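Here's the structure we're looking at; comments come further down.
The values are calculated or read from the model by the stated rules, or taken from the named source; none is laboratory data. As the structure is a prediction and not an experimental result, all values here were calculated from the model. Heads up, the Cβs are rebuilt from the backbone with ideal geometry, glycines too, and the neighbour counts pull from every protein chain shown. These accessible areas exclude ligands, DNA and RNA; they are computed on the full protein's heavy atoms, side chains included. Shrake-Rupley method; radii C 1.70, N 1.55, O 1.52, S 1.80 Å.
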Amino acid sequence: MKIAIIKYAAGNVRSVTYALKRLGIEPIITDDFNIINQADKVIFPGVGEASSTMELLRKTKLDQLIPTLKQPVLGICLGMQLMCKHTEEGNTDGMGIFDLNVKKFKASSEFTVPHMGWNEVTPTQSLLFTGIPNNSHFYFVHSYYAEIGINTSGTTEYIQPFSSALQSGNFYGVQFHPEKSAQSGQILIENFLKL
Amino acid sequence: MLKKRIIPCLDIHEGRTVKGVQFVQLQDAGDPIAMGAKYAAEGADELVYLDISATIEGRNTFLHLVDQIAKEIDIPFTVGGGINQVGTVYDLLSAGADKITINSSAVKDPNLIDNIAKQFGSQCLVVAIDAKYIDSDWKVFTHGGRQLTEKSLYTWAKEVEDRGAGEILFTSMDHDGTKGGFAINALKKLQEVVSLPIIASGGAGKMSHFEDLFTQTPINAALAASIFHYNEIPIQNLKEYLQLKNIPIR
């Protein structure tokens, strides 16, 4: 099985690579359109700031390639957010694969921002969560969240309920970091590889 | 619901975990990767690795170690120790660290906070603050607690937040090593001043100290070292204890 990790200035490429290697899979880290097109699965990682990252994707035209992919694609964290319509971070237009907007969490005396640490995900309907017990924890670190909408496939509560997992056809997105979420994260990645 | 975090801290010297008193009389406490993997398996929520090597060789060993940790361990980890430029941050994050922590270098050049946050995002930047209560004020210290600065805890913490840090690691030097409990009042006040996540450090000696921290303050994370290294409090027992006290724990 050929797994492509989209190569750009995302902070967690190494962690995602190692998570796959722990499963015995040697991913290809690439920005080559042909290799990405021919891969069985594509992972679109992401850690960093939205507007500069989107700018980078535009420069390399990856923003045009990704929405045309036909195989299962998994966006992680900022990767997922940039697959949405728009994010308040740097007032940035995303790729519009998910019909949702991304907004900033409002901090209060009760809730610190970023939302940082382990939180539960309630899956609504997704093959990604097969075999993962309800109330399992995943690791989050983010200040912006995707609203709940038509593409929501998992929700999490922090300040308000938000989309922690999304799906639209062959496109999947998770707000948390499966590559850093111990056993539950490993099962989720295995589920994605089985799609 | 977001869970409270328990974070073991490992001091690394020339590639080994060590435990010492004021950076002298270093004792070997074990292999950093084996220890980290054990803590992760026991339910640690994150790990912190601080490099206290004084040599270039030691620092290179540490960079290699960061790569090995990322390879072996499937929970988030923060690294720090002597980081004073953006290039080093890049090296450590590229090697697979999730977050980096700076302390003395941020006090010396606060712009470093802005620069790191801008380039790599706030989510990867933990600013550590060591402070001691002197003449009714929490004074900030640098260089492993050896150097008194002009800064005061609360104003410095606010500045750190405004400049773009994603998290604050506060160590009370008055409580550190005493095993008499966390600096509850200072932590309470600190969380009123900043809306960033705060990691409490210094003073953990008993399981009830973690309970006190999590019930008497809104603080979300607690860090400790020797009580975990010498198995005085196994992480699994601590988490079971906190769960029984109805504290949200993974």
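Evaluated with a Cβ-only charge set (Lys, Arg +1; Asp, Glu -1), region A:84-195 carries a dipole of roughly 60 debye about its Cα centre, given to the nearest 20.
In terms of the Cα gyration tensor, with a ≥ b ≥ c the square roots of its eigenvalues, is chain A rounded because a/c is under 1.5, prolate because a/b exceeds b/c, or oblate? Judged from the Cα gyration tensor, chain A comes out oblate (a/c at least 1.5, b/c at or above a/b). Chains B and A together bury roughly 2500 Å² of accessible surface, counting both sides and using a 1.4 Å probe on protein heavy atoms.
Computed over region B:101-250, the P(r) tail beyond 22 angstrom holds 40 percent of alpha carbon pairs.
A straight line joining the Cα centroids of region B:210-237 and region A:132-178 runs 29 Å. Pick out which of B:Asn220, B:Asn185, B:Asn103 has the largest mean-square fluctuation in a Gaussian network model of chain B, springs linking Cα atoms closer than 10 Å. For chain B, modelled as a Gaussian network with Cα springs under 10 Å, the answer is B:Asn185. Separation of the alpha carbons by more than 18 angstrom is noted, of A:Lys7/A:Lys59; B:Lys4/B:Lys71; A:Lys180/B:Lys245; A:Lys180/B:Lys71, for B:Lys4/B:Lys71; A:Lys180/B:Lys245. For A:Thr92, the residues whose modelled amide H falls within less than 5 Å of its own, excluding neighbours fewer than 5 places apart on the same chain, are A:Thr87. One quarter of the convex hull surface built on the alpha carbon atoms of region A:1-44 amounts to 2.7 nm², the projected area averaged over directions.
Check each of the GluC sites (Glu not before Pro) in region B:116-195 and keep only those in coil by DSSP with at most 13 other C-beta atoms within 10 angstrom; list them in order.
When the GluC sites (Glu not before Pro) of region B:116-195 are filtered for loop state and at most 13 Cβ neighbours within 10 Å, nothing remains.
Given a 1.4 Å probe and the protein chains as shown, B:Leu223 ends up with an accessible area of around 20 Å².
Would you list B:Tyr133, B:Tyr241, A:Tyr145 from the most to the least accessible area, probe 1.4 Å? Don't jump to the answer; show the numbers that get you there.
Details: B:Tyr133 125, B:Tyr241 55, A:Tyr145 30 Å².
Putting B:Tyr133, B:Tyr241, A:Tyr145 in descending order of accessible area: B:Tyr133, B:Tyr241, A:Tyr145.
Dipole magnitude for region A:82-140: about 40 debye, using +1 per Lys or Arg Cβ and -1 per Asp or Glu Cβ, origin at the Cα centre.
When the P(r) is computed for the protein assembly as shown, the part past 32 Å accounts for 34% of the Cα-Cα pairs. For A:Ile28, the residues whose amide H sits under 5 Å from its own are A:Ile3, A:Ala4, A:Ile5, ignoring neighbours fewer than 5 places away on the same chain, with H placed 1.01 Å from N. Put simply, the C-alpha atoms of region B:5-244 give a gyration tensor, and the ellipsoid matching it has half-axes of 24, 23, 17 Å, longest first. Given a 1.4 angstrom probe, I'd like the percentage of the accessible area of chain A that is carbon and sulfur, rounded to a whole number. Answer for chain A: carbon and sulfur cover 49 percent of the accessible area.
Leaving out ligands and nucleic acids, note down the accessible area per residue over region B:5-244 with a 1.4 angstrom probe, in whole Å². Present the calculation step by step, with values, prior to reporting the outcome.
Numbers: 9600 Å² over 240 residues.
Ligands and nucleic acids excluded, the result is 40 Å² per residue.
Rounded to the nearest 20, the size of the Cβ-charge dipole of chain B about its Cα centre is 420 debye, with Lys and Arg at +1 and Asp and Glu at -1. Within the accessible surface of region B:5-244, defined with a 1.4 Å probe on protein heavy atoms only, the carbon and sulfur portion equals 48 percent. For chain A, the solvent-accessible area with a 1.4 angstrom probe is 39 square angstrom per residue. Bridge orientation summary for the protein assembly as shown: considering DSSP beta bridges with both residues in this region, about 45 percent are antiparallel.
Tally the DSSP beta bridges in region B:5-244 and give the antiparallel ones as a percent, rounded to 5. Write out the running numbers ahead of the final one.
On the way: 15 of 46 bridges.
That works out to approximately 35 percent antiparallel.
Expressed in Å, the radius of gyration and Dmax of the Cα atoms of region B:196-250 are 10.7, 31.
Protection proxy ranking for A:96-106, B:74-84, using the average of other Cβ atoms within 10 Å per residue and placing the highest first: B:74-84, A:96-106. Cα centroids of region A:39-77 and region B:28-58: 33 Å apart.
Using the charge dipole of the protein assembly as shown (Lys, Arg: +1 at Cβ; Asp, Glu: -1 at Cβ; taken about the Cα centre), state which of B:Ala29, A:Ser52, A:Ala19 has its Cα farthest towards the positive end. Going by the charge dipole, the pick is A:Ala19. Along the axis of the charge dipole computed for the protein assembly as shown (Cβ charges of +1 for Lys and Arg, -1 for Asp and Glu, origin at the Cα centre), the listed residues B:Val79, B:Thr17, B:Asn237 are led at the positive end by B:Asn237.
Beyond 27 Å in Cα-Cα separation lie the following of the pairs A:Lys21/B:Lys38; A:Lys70/B:Lys118; A:Lys104/B:Lys189; A:Lys61/A:Lys85: A:Lys70/B:Lys118.
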